[in-house]
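For reference, the structure is listed below as structure tokens.
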Amino acid sequence: MPAQIIQTNNAPFNKVSIDPVTLEVIENALRNARIEMDATLVRTAMSPGIREQGDAFPLIADRTGQMIVGQFGSYIGPFLDGFEGTVEEGDMIMLSDPYSVGGAISHLNDWLVLLPVFKDGRLVAYTSMFGHQSDIGGKVVGSMPIDATSIFEEGVRIPPVKIYKKGVYNDDVIKLIMAQTRKPDWCTADLNALIASCRVAARRVVEMCERFGDDVFAAATDELLARNYRAMKQLIASSISEEKVSFEDYICDDGMGYGPYKIRCTMHREGDIVVLDFDGTDPQSQASINFFLNENMLKMFFGIYMIMVFDPQVLFNDGYYDLIRVKIPEGSLLKPKFPAALSGRTHALGRLFDIMGGLLGQKTPEFLNAAGFSSSPHLFYSGYDAKGRWFQLFQIGFGGIPGRPLGDGPDGHSLFPGFTNVPNEFLERYFPLVIERYETVADSGGAGLHRGGNGIIMTYRFLASGTIAIHDDRWFTMPWGVNGGEPGARARKILEKPDGTQTVVGNKLENLTIEAGDQLHFITWGGGGWGDPLLRDPTLLELELERGLVTVEGAKRYGVVLVDGKVDAAATEALRVKMRAERGPVTSVFNYGPDIDTLRANSLMDTGLPAPKPPVKLAHFAA
């Protein structure tokens, strides 16, 4: 039974016309309210993941729950459909359990706060914010066990619950929740920050209603949704074919010795409707790399990609969802059956962006990005410092962004544009470690007319014994290049002991014991290259050599010979003629590197790690 909305004023909103200037003012006021939500959050949160890296996502929705401004699309519809209770003025809802809202949020670490906004007894909007909590209990520090086999191992599950009911704070349930976490101080501050952000946006919405009138505000949100529908309908008609196209990519492994896991999607257009069908995706994993993908979230991903590639001026919102139909097989990696573990879903999340690009670019390769939205590398470090105080670090790392039609991919950047790195000074001030290196990995970006972004190497020297965990991907498969571009380099993780002994360790591991003085070389993947590298301006290689982005040997991938840091024009021309003759014309849109069988055969030699075993379908899955 869906949620029951309680209003003391049930008068319908009058349909009014809205002029373009007023619409523009309200649209930008909503954008600013979203920015103010972010500002409020980072000023009041305590955990480094939210305060320093911005791992939180705001949303302002209309009275029906459709997102007007935000990033991940609205989860309010699935929440309202599954919440067996009332929603009334003074209520505020909190939740974290993906299974309770159809995957509208994707793992337990994301705490979501939802505030219905009432004015004069009528529901006029919703504001919401969710943010990643650094610890919510469970079997490991950080609450993201890659080797979890059920969600019960991952920490406290919070179904939709009212933390405010008619304005009264539910202190008992908050105490119960905070008792499950290893960092109740961080979590309490972060929850208060989420609440404050929602309240700020709610005040701004009410102010807009008071300034322009309730009917005008309602008409504006309706028109913003309708405008987005019209824009996306035109983009779909001009960019998506009725002919089916398919694309597949892989999650390298599950951290328990199996992989790679295939994600496959087929796309076509039926009239005005785009169909995205994930038939052929591998079954769910025994481990936590499953991604319970909400259909509306995928629609938002698809729309963002379409808009960013074809018309970046469009403000994306939920208005176009009726134009997209999503099919995800039950029991697959993207729709696992309860109680499958979900905490490691980040790798599939990143891979979906690569797959969207691979689908959309087959008919229009001139708009195609290479691969590189590949993962969101995580490091966890915990223990007791020299004074006996408990510490725990959760940090998100960055890889290389893919080469693009308009230029090189950024070096060492986040999958999500709003994320920022944790300053090294902050890490060294609050945790027992020293950052010995933080720099780009030369030549790790795929060669191309537009180079893929380089990955980074971040070397941690640990000052206290403890344990670490690593979650990363793209160590087995490569971020593919396009239109003649080469794949990016793969990720690596190396543990170095004080005597200089080095050991390659897995890109997905838990509870690795480290001692004071150990160093971890955390190396991320590079983005794939775009376009023929033999067409790249040779003088760019001079600059990149000077800046440490390529090496003399790496420049030869572009057919460029550098002598004493300068281009040898004659030698470069001769090398390019030779390379063109040996290679022949570029005929394939995608360059994946070696096939899976070859990667398996050469894994130990190429990566220092044994190849994962092929995934096995689970015979059954029970709690």
Q | Of every Cα-Cα pair in segment 78-175, the percent that sits beyond 24 Å | A | 26
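Provide, as a two-decimal number, the C-alpha radius of gyration of segment 292-446 over 2.2 N^0.38 Å, N being how many residues it has.
Cα Rg divided by the expected 2.2 N^0.38 Å: 1.28.
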**Q.** About the Cα centre, charge dipole magnitude for segment 396-503 (Lys/Arg +1, Asp/Glu -1 at Cβ), debye
**A.** 160
Q.
Report the Rg/Rh value for segment 1-81, based on alpha-carbon coordinates and the Kirkwood definition of Rh.
A. 1.06
Q) How big is D for segment 187-301, in µm² s⁻¹ as a whole number, if Stokes-Einstein is applied with the Kirkwood radius of its Cα pairs at 4 °C and 1.567 mPa s? A) 70
Q.
Just to be sure I understand: if I project the alpha-carbon convex hull of segment 174-239 onto a plane and average over all orientations, what area do I get in nm²?
A. 8.0
Q) For the chain, which whole-number percentage of the solvent-accessible area (1.4 Å probe, protein heavy atoms only) is attributable to carbon and sulfur atoms? A) 53
Q: Using R₀ = 25 Å, calculate the FRET efficiency as 1/(1 + (r/R₀)^6) where r is the Cβ-Cβ separation of A39 and M178; round to 0.05.
A: 0.50
Q. Percentage of Cα-Cα pair distances in segment 122-196 greater than 19 Å, rounded to whole percent?
A. 42
Q) Scattering from the C-alpha atoms of segment 479-598 alone, worked out with Debye: what is log10 I(q)/I(0) at q = 0.10, 0.14, 0.23 1/Å? A) -0.46, -0.78, -1.25
Q.
Sorted from largest to smallest, which semi-axis lengths in Å does the alpha carbon gyration tensor of segment 337-376 give for its equivalent ellipsoid, taking the root of 5 times each eigenvalue?
A. 27, 11, 4
Q) Taking the mean number of other Cβ atoms within 10 Å as a proxy for protection, how do you rank 286-299, 28-41 from highest to lowest? A) 286-299, 28-41
Q: Obtain the nm distance between the two label points defined at E496 and D597 by a simple spin-label model: each point lies 7 Å from its Cα along the Cα-to-C-beta direction.
A: 3.9
**Q.** Greater than 19 Å apart at Cα, pairs in K244/K327; K337/K613; K139/K337; K337/K617; K139/K183
**A.** K337/K613; K139/K337
Q: Excluding residues fewer than 8 places away in the same chain, name every one of the lysines whose C-alpha is closer than 22 Å to that of K119.
A: K15, K162, K165, K166
(Q) Using 5 Å bins from zero, what percent of all Cα-Cα pairs in segment 373-529 falls into each bin? (A) 2, 10, 19, 21, 18, 13, 9, 5, 3, 1, 0, 0
(Q) Could you work out how much longer the chain between E366 and V16 gets when fully extended? Use 0.36 nm per residue separation minus the Cα distance between them, nm to one decimal. (A) 121.7 nm
Q. Averaged per residue, what accessible surface does the chain expose to a 1.4 Å probe, in Å²?
A. 38
Q.
Suppose the chain between E24 and V563 were pulled fully straight at 0.36 nm per residue; how much longer would it get relative to their current alpha carbon spacing?
A. 188.5 nm
Q) Can you give the alpha-carbon Rg of segment 435-523 over 2.2 N^0.38 Å, where N counts its residues? A) 1.24
(Q) Just to be sure I understand, if you calculate volume of the Cα convex hull per residue in Å³ for this structure, which of (i) 391; (ii) 216; (iii) 162 do you get? (A) (iii)
Q: Per residue of segment 466-481, in order, report the coupling 6.51 cos²θ - 1.76 cosθ + 1.60 (Karplus, θ = phi - 60°) as ³J(HN,Hα) in whole Hz, putting x for Gly and Pro.
A: x, 10, 10, 9, 10, 10, 8, 9, 6, 9, 9, 8, 10, x, 6, x
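The values are calculated or read from the model by the stated rules, or taken from the named source; none is laboratory data. Keep in mind it's a predicted model, so treat the numbers as computed, not measured. Reconstructed Cβ throughout: ideal geometry from the backbone, glycine too, with neighbour counts over all protein chains shown. Calculation scope for accessible area: heavy atoms of the full protein, side chains included, ligands and nucleic acids excluded. Shrake-Rupley method; radii C 1.70, N 1.55, O 1.52, S 1.80 Å.
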